[in-house]
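Working notes for the structure below.
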Amino acid sequence: MKNNTSTKRDIDRRKLRKITELSLGIPIIAICLLVSPLLNGFTKSDGQTEFAFVMIYIFGVWGALILMAFIMSRLLSNGVDKK
């Protein structure tokens with residue numbers, strides 16, 4: 001019986017560690033999604049860049065990143081509360 005509880009605890013710790021590692025990827029995703037439009041939106045000189053589209057894209061990605069961070073924080077807090 002003691003072995004069963006330690007196995008369950010190890011599985012819970014492993015899940016929590018995986019969620020933590022996933023949450024560390026959010027800044028990397030943010031950099032990849034936001035750097036290119038920012039550079040292209042403000043440095044192109046051909047006049048074909050739609051500034052409104054760039055701003056909608058930036059704020060859309062920003063909102064999605066906030067949502068991802070919120071979901072990750074809820075998952076991490078649920079994992080800590082189980083102890």
Filtering the stretch 11-25 down to residues that are surrounded by 13 or more Cβ atoms within 10 Å (Cβ to Cβ) and closer than 15 Å to residue 73 by Cβ, which residue is nearest to the chain's Cα centre (by Cα)? 23
Among the residues of the stretch 39-54, is there at least one that is modelled with pLDDT under 85, out of contact with any helix residue (DSSP H, G or I) (no Cβ under 6 Å at 6 or more places or on another chain) and of a type in the set (A, V, I, L, M)? yes
When both residues are 6+ apart or on different chains and their Cβ atoms are under 9 Å apart, which pairs have a first residue that lies in the stretch 59-71 and is over 12 Å from residue 34 (Cβ atoms), and a second that is at pLDDT below 90? 68/23; 68/26; 68/29; 69/23; 69/26
Note on the stretch 1-39: residues closer than 18 Å to residue 71 by Cα, without any contact (Cβ under 8 Å) to a residue 12 or more places away in the chain and of a type in the set (Gly, Ala, Ser) are 25
Selected residue [at pLDDT 80 or above and surrounded by 13 or more Cβ atoms within 10 Å (Cβ to Cβ)] from 61, 35: 61
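The values are calculated or read from the model by the stated rules, or taken from the named source; none is laboratory data. All values reported here derive from a predicted model rather than from experimental measurement. So basically every Cβ, Gly included, is an ideal-geometry build from the backbone, and we count neighbours across all protein chains shown.
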